[in-house]
Amino acid sequence: MSDAIESTGPLSQQETARLLRLATYASTSVAIFLIGAKLIAWNASDSVSLLATLIDSMLDALASIINLVAVRHALTPADKEHRFGHGKAEALAGLSQSLFIAGSAGFLLVEAGRRIINPAQVESIELGIVVMVISIVATLLLLGFQQHVIRKTNSTAIRADALHYRTDLMVNSSVIVALLLAAIGWNGFDGIFAAAIGLYILYSAREIIVTSYDHLMDRELPDEDREKIKALVLKHPSARGLHDLRSRHSGTMTFIQLHLELDDDLSLLEAHKISDEVEDNIHSAFPGSEVIIHIDPQSVVGHEAVAEFESGEK
């Protein structure tokens, strides 16, 4: 999914908080339900591929609980010590989730290797398949709600959580295939599928790590968003240019700051009015963002550019 901001319209802080809390409650509840169902099926079947998906669900539950705590903290309003809010708690949660995912993948690969070397008979195959079908249905319902929340809030934590459950769909489907193969006597595929699941889980952690790292390091918005901001600024008939455009994400907030170049002879009141209009244009395209505009006379900008060029040649 693109990192570009998606939104169907501005949301109030209260509505954003409500959606984020509902998403975390939903993912935690689904994960706990699936743990119970998969534990019963694994205990009855002794399938290592079922164990793989059980471990995955346990980590989903742990990650969802971390998300629950992180989102509550991220939604805390800005205070004297944290003027830009607490949004980076979401990125920290995403980074910690990736560590759990990598650890589970490593354990799973060891267990899968053991089962490949020493294949074992899989029991209660029908029960395992039923549990996997239930898991797929529950996961699809949860993902549908999570995608709605992501479109509305652009939350890093919920995006990371949804990645877990997208991988679950592939994991659960592959377990069904492994169980069907075991039903016809091909027990060796149980360990092979578990190993493939482990490798895929390990690979999926990369996206969470990259996204979380970018937010923690204040990575700029994607180029398409930056170009969109420039176009919105220059669309105003009084805008003569802009420079020093800076942007970053922090949780569900987007911070945008820039220098707006205007004619020299404008009064302070006129310049302020133009700045407000440009800010409104940016807000309309990036709802919920915080925009800071510094006004520069056009001639001063030109003189500064010349002086910088001349000093660079010395």
Checklist entry - What per residue convex hull volume, in Å³, do the alpha-carbon atoms of segment 13-216 yield? => result 92 Å³
Checklist entry - Between ALA285 and SER299, how many nm apart are label points set 7 Å from Cα along the C-beta direction? => result 3.1 nm
Item to check | Integer Hz, Karplus 6.51/-1.76/1.60 couplings in order for segment 226-232, x for Gly and Pro | outcome: 5, 5, 5, 4, 4, 5, 5
Checklist entry - Using a ≥ b ≥ c from the Cα gyration tensor of segment 194-241 (square roots of the eigenvalues), is it rounded, prolate or oblate, where a/c under 1.5 gives rounded and otherwise the larger of a/b and b/c decides, a/b for prolate? => result prolate
Checklist entry - By count of other Cβ within 10 Å, fewest leading, how are MET170, MET132, MET253, MET217 ordered? => result MET217, MET170, MET253, MET132
Next on the checklist: Given R₀ = 30 Å, what would the calculated FRET efficiency be for GLU207 paired with LEU62, taking r from the Cβ atoms and rounding to 0.05?
Outcome noted: 0.95
Item to check | Relative contact order [Cα under 8 Å, 6+ residues apart], segment 214-283, whole percent | outcome: 31 percent
Next on the checklist: Assuming 0.36 nm per residue, please report the length gained on full extension of the stretch SER29 to GLN147 beyond their Cα-Cα distance.
Outcome noted: 40.8 nm
Item to check | Per-pair calculated FRET efficiency, R0 = 30 Å: ARG18 and SER173 via Cβ, rounded to 0.05 | outcome: 0.35
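For segment 193-307, what does the alpha-carbon gyration tensor say about shape, rounded, prolate or oblate, given a ≥ b ≥ c as the root eigenvalues, a/c under 1.5 as rounded, and a/b over b/c as prolate?
In terms of gyration-tensor shape, prolate.
Taken together, the values in this text are just the output of simple stated rules run on the coordinates, not laboratory data. Because the structure is predicted, anything quoted here is derived from the model rather than measured. Cβ: placed from backbone, ideal geometry, glycine included. Neighbour counts: every protein chain shown.
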